[in-house]
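The values are calculated or read from the model by the stated rules, or taken from the named source; none is laboratory data. Predicted model only: the values in this text are computed from it and were never measured. Cβ atoms come from the backbone with ideal geometry, glycine included; neighbour counts cover every protein chain shown.
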Amino acid sequence: MSAASINNVIGKRFIELLRVDSTNNYAMQLAQKGVAFHGDAYFAFEQTEGKGQFSKKWLSAKGENIILSLVIDTSPLLLSQQFVLNMAAAISVMQLFNKYTTEKINIKWPNDIYCRDRKAAGILIENVIRGSKWQFAIAGFGININQTSFSIDLKNPISLKQITGNSYNTIELAKELCSLLDENFKHLQSHNEKYIFDTYNNALYKRNESVVFKNINSNFSGIVKGVDNLGKLVIENGTEQAYETGQLEWIL
């Protein structure tokens with residue numbers, strides 16, 4: 001991937017796919033072959049093997065939602081900024097929802113978008129690192145837009161249509177998301193991480209509330225304080241302790 005491609009606008013090249021196993025897989029294969037560049041967007045109307053966090057599947061009705069993967073040239077960034085990119089992606093989805101509803105939109109650590117205590121979107125970022133060089137990332141988005149009937153396997157889904165009562169053009173919204181992420185990515189390029197951290201933490205789901213969590217040994221309750229500069233969730237339970245992604249499960 002050419003370093004010069006970092007100047008490309010995210011979403012300028014927008015490719016629509018009728019059916020694919022996984023937009024992340026599709027984008028990753030092209031990027032590894034050197035035929036995909038920073039900002040390339042791959043939108044699918046149907047995805048047969050959608051991937052979620054921690055090897056979970058992402059289920060989506062055909063043609064009703066945003067299924068999107070973006071190629072991000074991360075070569076100018078530091079390895080330590082991996083979670084900050086995740087934050088920027090989550091903020092972008094939140095901002096997209098905020099354009100169409102005045103209801104409170106939260107970011108549930110590490111990478112889910114919530115409204116009314118229900119999940120509206122998920123993000124999966126897959127990184128390619130060679131040696132100490134973070135070469136590129138594939139940012140995958142699954143966003144519930146027009147779907148109103150969900151699989152019983154999904155615990156608590158909600159869509160933008162269920163929130164507002166309106167239907168939307170998923171392609172146009174996906175392009176809006178690209179523009180929002182392009183703006184937030186510029187904050188990373190200019191090393192304005194404070195904006196990203198502050199925006200993410202201000203929208204953090206259950207912040208300053210007591211929540212029950214499950215770790216390897218047992219369940220415990222603690223107050224969600226925020227996310228630190230390493231992307232760890234800080235919980236107060238007598239003392240403050242920071243947890244990495246994958247160490248905790250929310251019990252809601």
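Out of all the residues in the range 233-252, which are of a type in the set (Val, Ile, Thr) and either closer than 20 Å to Gln81 by Cβ or in contact (Cβ under 8 Å) with a residue 12 or more places away in the chain (or both)? Steps first, answer last, please.
Looking only at the range 233-252, we keep the residues that are of a type in the set (Val, Ile, Thr), and these are 234-235, 239, 245, 251.
Scanning the range 233-252 gives Val234, Ile235, Thr245, Ile251.
Yes or no, residue by residue, for (1) at pLDDT 95 or above; (2) crowded, with 22+ Cβ neighbours inside 10 Å; (3) in the same structural domain as Asp112 (by TED's automatic domain parsing); (4) touching a helix residue (DSSP H, G or I) at 6+ places or on another chain (Cβ under 8 Å):
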{"position": "Glu16", "(1), (2), (3), (4)": "yes, no, yes, yes"}
{"position": "Lys33", "(1), (2), (3), (4)": "no, no, yes, no"}
{"position": "Gly39", "(1), (2), (3), (4)": "yes, yes, yes, yes"}
{"position": "Gly52", "(1), (2), (3), (4)": "no, no, yes, no"}
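Of these, Lys186, Lys161, which one is closer than 24 Å to Leu77 by Cβ, among the basic types (Lys, Arg), without any contact (Cβ under 8 Å) to a residue 60 or more places away in the chain and in the same structural domain as Phe141 (by TED's automatic domain parsing)?
Numbers: Lys161 fails: closer than 24 Å to Leu77 by Cβ.
Just a single option satisfies the conditions, and that option is Lys186.
In the range 208-220, is there at least one residue being under 19 Å from the mean Cα position of the chain (by Cα) and surrounded by fewer than 20 Cβ atoms within 10 Å (Cβ to Cβ)?
Residues of the range 208-220 that are under 19 Å from the mean Cα position of the chain (by Cα), as a first pass: none.
Scanning the range 208-220, I find no residue that is under 19 Å from the mean Cα position of the chain (by Cα) and surrounded by fewer than 20 Cβ atoms within 10 Å (Cβ to Cβ), so the answer is no.
Of everything in the range 219-252, what is more than 23 Å from Asn98 (Cβ to Cβ) and either among the acidic types (Asp, Glu) or touching an Asp or Glu at 6+ places or on another chain (Cβ under 7 Å) (or both)? Give them in sequence order.
Gly222, Ile223, Lys225, Asp228, Lys232, Val234, Glu236, Glu240, Ala242, Glu244, Glu249
Kindly list the number of the only condition in (1) free of Cβ contacts under 8 Å to residues at least 40 places away in the same chain; (2) loosely packed, with under 14 Cβ neighbours inside 10 Å that fails for Leu230.
Here Leu230 clears every test but (1).
Results for (1) closer than 22 Å to Ala61 by Cβ; (2) touching a His at 6+ places or on another chain (Cβ under 9 Å); (3) at pLDDT 95 or above, shown as yes or no for each residue.
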| site | (1), (2), (3) |
| --- | --- |
| Leu77 | no, no, no |
| Ser80 | no, no, no |
| Ser92 | no, no, yes |
| Phe97 | yes, no, yes |
| Thr102 | no, no, yes |
| Asp112 | yes, no, yes |
| Gln147 | yes, no, no |
| Lys155 | yes, no, no |
| Ser159 | yes, no, yes |
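Take Ile216 and decide whether it is in a loop (DSSP other than H, G, I, E, B), aliphatic (A, V, I, L, M), more than 20 Å from Tyr100 (Cβ to Cβ) and not assigned by TED's automatic domain parsing to the domain that holds Gln81. Lay out the reasoning, then the answer.
Numbers: in a loop (DSSP other than H, G, I, E, B): yes; aliphatic (A, V, I, L, M): yes; more than 20 Å from Tyr100 (Cβ to Cβ): yes; not assigned by TED's automatic domain parsing to the domain that holds Gln81: yes.
Yes, satisfied.
So if I check each of Leu154, Leu180, Leu230, which one is assigned to a helix (DSSP H, G or I) and either in the same structural domain as Asp112 (by TED's automatic domain parsing) or at negative phi (or both)? Write out each step before concluding.
Values: Leu154 fails: assigned to a helix (DSSP H, G or I); Leu230 fails: assigned to a helix (DSSP H, G or I).
Unique residue meeting the criteria: Leu180.
Filter the range 208-218 for residues that are out of contact with any Asp or Glu (no Cβ under 7 Å at 6 or more places or on another chain) and either modelled with pLDDT of 95 or more or within 22 Å of Ile105 (Cα to Cα) (or both) and give the result.
Asn208, Glu209, Ser210, Val211, Val212
Every residue in the range 233-246 that is in a loop (DSSP other than H, G, I, E, B) and either more than 23 Å from the chain's Cα centre (by Cα) or loosely packed, with under 13 Cβ neighbours inside 10 Å (or both), please.
Filtering the range 233-246 for residues in a loop (DSSP other than H, G, I, E, B) gives 238, 244-246.
Passing the criteria: Gly238, Glu244, Gly246.
Taking the range 186-207 as the region of interest, how many residues are surrounded by 16 or more Cβ atoms within 10 Å (Cβ to Cβ), modelled with pLDDT of 95 or more and of a type outside the set (Gly, Ala, Ser)?
9
Quick test for you: out of Tyr195, Tyr114, Tyr205, pick the one residue that is farther than 29 Å from Tyr26 by Cα, of a type in the set (Ser, Thr, Tyr) and touching a strand residue (DSSP E or B) at 6+ places or on another chain (Cβ under 7 Å).
On the way: Tyr195 fails: touching a strand residue (DSSP E or B) at 6+ places or on another chain (Cβ under 7 Å); Tyr114 fails: farther than 29 Å from Tyr26 by Cα.
So the residue among Tyr195, Tyr114, Tyr205 that is farther than 29 Å from Tyr26 by Cα, of a type in the set (Ser, Thr, Tyr) and touching a strand residue (DSSP E or B) at 6+ places or on another chain (Cβ under 7 Å) is Tyr205.
When you go through Ile107, Ile123, Ile145, Ile163 one by one, which is the residue that is touching a Lys or Arg at 6+ places or on another chain (Cβ under 7 Å), buried (at least 17 other Cβ atoms within 10 Å of the Cβ) and among the β-branched types (Val, Ile, Thr)? Let's see the steps before the verdict.
Details: Ile107 fails: touching a Lys or Arg at 6+ places or on another chain (Cβ under 7 Å); Ile123 fails: touching a Lys or Arg at 6+ places or on another chain (Cβ under 7 Å); Ile163 fails: touching a Lys or Arg at 6+ places or on another chain (Cβ under 7 Å).
Just a single option satisfies the conditions, and that option is Ile145.
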